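Peer 1: First, the structure itself, so that you have it in front of you.
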Amino acid sequence: MYLMILGAPGSGKGTQGKLLADHLGIPQVSTGELLRAAVKNGTPLGRQAKGFMDQGLLVPDDVILGLIREILDSAEAQRGVLMDGFPRTVAQAEAVDRILAERGGRVDQVALLEVDEEELVQRLLGRATKEGRSDDNLQSIRQRLMVYQEQTAPLVAYYDGQGVVRRVAGMGSVEEIQERMQKAVRA
Ligand code: B4P
């Protein structure tokens, strides 16, 4: 099963993705986490990505798609994978459709986490205090929300066209939302 989690920054893609992947018994891949690890370790990928991430911009598609090909070729991903934070542009979605088609697969479901904008900002500011992520400052948060509206939100129509979107109300406790996620992907 190839399952994607779509949602604005701070909508809980990472939080919910981990729980749902455990529940389904498939690996979870977060492009954001992979990029942060690459930045921390100072790898060539990290050096390419850091400036974009700190400014609240998306890392270029060609960089991300190299990473995704590697993941989909790995042994662990052969039974399916849950991706959170990928794809983030229509070009990424089209490319992953082609990559999966080459392997006889397709995106089976897209869980869309819906959260009010004010709550998103509060969560990200809260995370800034707890985790000290360099992109969780007010300027970068505003920029990321704008980038989401411009570049990522069009994916909802793209996947609606394929009939694979499951809308999930993303407000409430982590447990309540997880319950809704599990129901949505079963439906
Ligand atoms: P991501 O790592 O994907 O980060 P995110 O969108 O900010 O957060 P997420 O939605 O996962 O929130 P989380 O569960 O942590 O991306 C970071 C950057 O990497 C991007 O800006 C971009 O530069 C780059 N990038 C990643 N993928 C890319 C791609 N495909 N193409 C190009 N660039 C890419 O939750 C947020 C906070 O809310 C946490 O503190 C959590 O504890 C809290 N929270 C979660 N659920 C809650 C709830 N129900 N109630 C209260 N708080 C909650």
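Peer 1: When you scan segment 139-183, how many residues do you find that are assigned to a helix (DSSP H, G or I) and within 18 Å of G85 (Cβ to Cβ)?
Peer 2: Residues flagged as assigned to a helix (DSSP H, G or I) and within 18 Å of G85 (Cβ to Cβ) within segment 139-183 amount to 21.
Peer 1: Which of (1) surrounded by fewer than 17 Cβ atoms within 10 Å (Cβ to Cβ); (2) within 17 Å of P9 (Cβ to Cβ) is the odd one out, the single condition G80 does not satisfy?
Peer 2: (2)
Peer 1: Go through R186, R127, R167, R133 for me and flag whichever is away from the ligand (no atom under 12 Å from the Cβ), surrounded by fewer than 18 Cβ atoms within 10 Å (Cβ to Cβ) and at pLDDT below 95.
Peer 2: Step by step, each of R186, R127, R167, R133 is checked, and only R186 is away from the ligand (no atom under 12 Å from the Cβ), surrounded by fewer than 18 Cβ atoms within 10 Å (Cβ to Cβ) and at pLDDT below 95.
Peer 1: Would you call I141 of a type outside the set (D, E, K, R), closer than 18 Å to V59 by Cβ and more than 12 Å from the ligand (Cβ to nearest atom)?
Peer 2: Spelling it out, it is not the case that I141 is of a type outside the set (D, E, K, R), closer than 18 Å to V59 by Cβ and more than 12 Å from the ligand (Cβ to nearest atom).
Peer 1: Against the conditions (1) closer than 16 Å to A8 by Cβ; (2) surrounded by fewer than 18 Cβ atoms within 10 Å (Cβ to Cβ); (3) within 8 Å of the ligand (Cβ to nearest atom); (4) more than 16 Å from the chain's Cα centre (by Cα), where does L57 fall short? Just the number, please.
Peer 2: So L57 meets the others, but not (4).
Peer 1: Restricting segment 101-114 to residues that are crowded, with 16+ Cβ neighbours inside 10 Å and touching a helix residue (DSSP H, G or I) at 6+ places or on another chain (Cβ under 8 Å), which is farthest from L6 (Cα to Cα)?
Peer 2: In the first step, residues of segment 101-114 are kept if they are crowded, with 16+ Cβ neighbours inside 10 Å; the result is 105, 107, 109-113.
Still in the list and also touching a helix residue (DSSP H, G or I) at 6+ places or on another chain (Cβ under 8 Å): 107, 109-113.
Numbers: V107: 13, Q109: 10, V110: 7, A111: 6, L112: 5, L113: 6 Å.
Here the answer is V107.
Peer 1: Still on this structure, I have one more. Can you report the number of residues in segment 115-135 which are of a type in the set (K, R) and touching a helix residue (DSSP H, G or I) at 6+ places or on another chain (Cβ under 7 Å)?
Peer 2: Selection size over segment 115-135: 1.
Peer 1: Check off (1) aliphatic (A, V, I, L, M); (2) near the ligand (Cβ under 10 Å from one of its atoms); (3) in contact with a helix residue (DSSP H, G or I) (Cβ under 6 Å, 6 or more places away or on another chain) for M181 and give me the number that stays unchecked.
Peer 2: (2) is the only condition that M181 fails.
Peer 1: Scan segment 170-183 residue by residue and report those that are of a type in the set (A, V, I, L, M, F, W, C) and surrounded by 17 or more Cβ atoms within 10 Å (Cβ to Cβ).
Peer 2: I177, M181
Peer 1: Among the residues of segment 131-165, how many are in contact (Cβ under 8 Å) with a residue 40 or more places away in the chain and either hydroxyl-bearing (S, T, Y) or at positive phi (or both)?
Peer 2: 6
Peer 1: Give the residue that is nearest to the ligand (Cβ to nearest atom), with candidates limited to residues of segment 147-157 that are within 13 Å of R88 (Cβ to Cβ) and either surrounded by fewer than 16 Cβ atoms within 10 Å (Cβ to Cβ) or of a type in the set (A, V, I, L, M, F, W, C) (or both).
Peer 2: V147
Peer 1: Moving to a separate point now. So, in segment 1-30, of the ones that are buried (at least 22 other Cβ atoms within 10 Å of the Cβ) and of a type in the set (V, I, T), which residue ends up nearest to the ligand (Cβ to nearest atom)?
Peer 2: So, considering only residues that are buried (at least 22 other Cβ atoms within 10 Å of the Cβ) and of a type in the set (V, I, T), the one nearest to the ligand (Cβ to nearest atom) is I5.
The values are calculated or read from the model by the stated rules, or taken from the named source; none is laboratory data. These numbers were taken from a predicted model, which means no experiment stands behind them. Cβ atoms come from the backbone with ideal geometry, glycine included; neighbour counts cover every protein chain shown.
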